[in-house]
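Every number in this text was worked out from the coordinates using simple rules, so none of it is lab data. Note that this is a predicted model, so its numbers are computed, not measured. Note that each Cβ is placed from the backbone with ideal geometry, even for glycine, and that neighbours are counted across all protein chains shown.
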Amino acid sequence: MVRPNKPVELTACSSRVYCKVRADSKPIRAAAHFPVRSINRIKEMGSILENIPVELPEELVETLCSTDCVKIERIVSKGHTSSDGFWYDQDRNEFVLVVQGSAGLKIEGDDDIVVLKAGDYLNIGSHVKHRIEWTDSSCETIWLAVHY
């Protein structure tokens, strides 16, 4: 493991993180536990649990960040369901994590409803048709959705 005692510069290349100890040094791959004191490349910071409207006449969907390859969303539901006859049929895989609340999802072709509560996640393949059967009506259900 590299442990420089000088400030480091981090750069990203694909999914790898590299660091430089000095401006004239060659990049070296940083270990996942590389001790970095500060990263100046943070673009935005927030809380998925804050700034939730008091009234939610419709499900709230906010894009937290996106690239050509991935989109991360916060979804807030309170008693919302998919419209009758509507099925999500997405071009990308979708990973959903219920952060708060609970929900029931129906996967086309399955008899059972998948119940998700806080901390539960589901990885849905592309073009796997699914719908929201119910979300908790007594509190907000907060989802983290990653489309990839």
Phi-based couplings in Hz for region 70-86 (Karplus 6.51, -1.76, 1.60; Gly and Pro marked x): 8, 9, 10, 10, 9, 10, 10, 10, 8, x, 7, 9, 6, 4, 3, x, 8
Extension gain from residue 123 to residue 41, taking 0.36 nm per residue of separation minus the Cα-Cα distance: 26.6 nm
In Hz, Karplus ³J(HN,Hα) per residue of region 128-139 (6.51, -1.76, 1.60; θ = phi - 60°; x = Gly, Pro): 8, 5, 8, 8, 8, 7, 6, 10, 3, 9, 8, 8
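What is the fewest-to-most order of 96, 128, 61 by other Cβ atoms lying within 10 Å of their Cβ?
Values: 96 20, 128 16, 61 12.
Listing 96, 128, 61 from fewest to most nearby Cβ atoms yields 61, 128, 96.
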Ascending count of other beta-carbon atoms within 10 Å, so fewest first, for 41, 131: 41, 131
Cut-off under 5 Å, modelled amide H: who pairs with residue 130 long-range: 88, 108
Peptides 50-57, 97-104, 69-76, 80-87 ordered by average Cβ neighbours within 10 Å, highest first: 97-104, 69-76, 80-87, 50-57
Overall form of region 60-147 per C-alpha gyration tensor (a/c, 1.5; a/b vs b/c): oblate
